[in-house]
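A short reminder: the numbers here are calculations on the coordinates, not readings from a lab. Since this is a predicted model, take the numbers as computed values, not measurements. Here the Cβ is made from the backbone with ideal geometry for all residues, glycine too, and neighbour counts use every protein chain on show.
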Amino acid sequence: MNRTWTTLIGAAELRALLADGATPVLVDCSFDLMDTEAGERAWRDGHIAGSHYLHLDRDLSGTKSGRNGRHPLPERSVFAATLGRLGVTPATQVIVLDRQGGTYAARLWWMLRWMGHEAVAVLDGGLQAWTAAGGDVDSSEPPPRAAAPYPDRQPLAAVTSADALAAQLGRVKLVDARAGERFRGEVEPLDKAAGHIPGALNRFFKDNLTTDGRFKPADTLRGEYLALLGGDAAARTVHQCGSGVTACHNLLAMEHAGLAGSRLYPGSWSEWSSDPTRPVARG
C-alpha cells in the first residue's frame, strides 16, 4: 500500500497495512493524569505487537518552570532524539494510539507535525477498536529501530505564545477544549485559578467523538466547527485547554474535517493562570 495517513486510520485499515508487510512505527501514548504510571503499566500488560510507549510527562513534555504550564513542549532537539530512538525518519509512517479516545495520541500527532512530519495518524478508537476488529495484543518489548535524531524540518503545525495571544485577544477565535464546568470556572481541580481566557469559545474535546470512542465523520465535524467559528477561517483559530494536550484533539478533529491551519497555544490555561496579572473570565 502506498497511501499515506495524516489524520486518522481505522483499525481495519491498520490491520490491512500490517498484513501487506508495511512496517510503520507504532507508538502507544496511553496515560492517566491522576495516575501517571497507569498508561505504561497498561502498555506493558498488552499492546499491539511492535508498538513503543511514550510517556506524556517524560517524553512529550519539557522542563516545567512553574510559569510555563503543566506540560510545556520539550526542546525540539530533545524530541528529535526521542523520535530517533524509535526509528522515525521523514519517510516513516507513524501510527499513534492510546486507550483514552485519542486524548494523548493527538498530542503526539500534533508534536510530529510540529517537527515537520506529515505521515502520522491516530488509530481511531485506540486499542479498544483494534481488539474489537480482531487485532491481537502481546506484552513483548518492541525490537530496537534506532535511527539518527529526527532532522530539523519546517514545522507543519504552528504555535502561539502567551504574550502573542494576549496581544491578539478579540482578533482571533480562541477555542478552549476543557469540560464546560472548568471553562466556566465552576471547578478547577488542576490549575491555580478557575475560569477561562477572555473571549474564548468552549468546545469540549470529547464532543469530537461518538459513543464508541471513535471520531465523528469528517462532514459532521466540519459542520460543527464551522458553526462554532461563525464561518471564520481556520487560520484565525487558536486552540488551548488546560495544558496543551486535549487542545490537540480539537486540532486533529479540524484537520480531519478539512479545516487546516489553526494554531496551538501550548501553555494553555495552566500557563495563563500562573500569572495573576493576566485577565480571567468566568461564566
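Which percent of Cα pairs goes in each bin when the distances of the chain are cut into 10 angstrom slices starting at zero?
7, 30, 37, 21, 5, 0
On alpha-carbon atoms, Rg over Rh for segment 1-88 using Kirkwood Rh?
1.02
Comparing His71, His55, His47, which has the greatest mean-square fluctuation in the GNM of the chain with Cα pairs linked when under 10 Å apart?
Answer for the Gaussian network model of the chain: His55.
For the chain, calculate the relative contact order in percent as a whole number, restricting contacts to Cα pairs under 8 Å that are 6 or more residues apart. Provide the component values of the computation, followed by the final result.
Details: 581 pairs, mean separation 61.8, N = 283.
Value for the chain: 22 percent.
Sketch the reach of a paramagnetic label on Arg3 as a point 7 Å from Cα along Cα-to-Cβ, and name the residues of segment 15-30 whose backbone nitrogen lies under 16 Å away.
Within reach of a label on Arg3: 15-24.
Give me D for segment 96-236 in µm² s⁻¹, whole number, from Stokes-Einstein with Rh from the Kirkwood sum over alpha-carbon pairs, 37 °C and 0.692 mPa s.
Details: Rh = 18.1 Å.
Rounded, D is 182 µm²/s.
For segment 158-272, what is the Kirkwood hydrodynamic radius in Å, using each pair of distinct C-alpha atoms? Please report the intermediate quantities before stating the final value.
Values: mean 1/r = 0.0712 Å⁻¹.
One decimal place: 14.0 Å for the Kirkwood radius.
Counting other beta carbons within 10 Å of each Cβ, put Asp275, Asp124, Asp176 in order, fewest first. All intermediate terms of the calculation are to be shown ahead of the outcome.
Numbers: Asp275 12, Asp124 24, Asp176 27.
So the ranking, lowest neighbour count to highest, is Asp275, Asp124, Asp176.
Give me P(r) over segment 48-136, computed from all C-alpha to C-alpha distances, binned every 10 Å, as integer percentages.
16, 47, 29, 7, 1
Show that you can apply the helix-only estimate: for the chain, add -39,500 (n - 2.57) for every DSSP H stretch of four or more residues, divide by all residues, and state [θ] at 222 nm to the nearest 500. Please report the intermediate quantities before stating the final value.
On the way: 10 runs with 83 residues, N = 283.
Helices in the chain give a 222 nm mean residue ellipticity of -8000 deg cm²/dmol.
For the chain, with a Gaussian network of springs between Cα atoms less than 10 Å apart, report the residue from Gly258, Gly213, Gly62 with the top mean-square fluctuation.
Gly258
Compute the separation of the alpha-carbon centres of segment 205-283 and segment 115-148 and state it in Å as a whole number.
Between the Cα centres of segment 205-283 and segment 115-148 lies a distance of 25 Å.
Could you tell me the calculated FRET efficiency between Ala227 and Arg278, based on Cβ-Cβ distance and R0 = 45 angstrom, to the nearest 0.05? Show your work: numbers first, answer last.
On the way: r = 29 Å, r/R0 = 0.64.
For R0 = 45 Å, the calculated efficiency reads 0.95.
Please list, in order, the residues from segment 247-283 whose amide nitrogen is less than 15 Å from a point placed 7 Å along the Cα→Cβ vector of Lys64.
So the set is 267-275.
How much FRET efficiency would the formula 1/(1 + (r/R0)^6) give for Ala12 and Asp219, where r is the Cβ-Cβ distance and R0 is 30 Å, rounded to 0.05? Don't skip to the end; give the middle numbers.
On the way: r = 20 Å, r/R0 = 0.68.
The formula returns an efficiency of 0.90 here.
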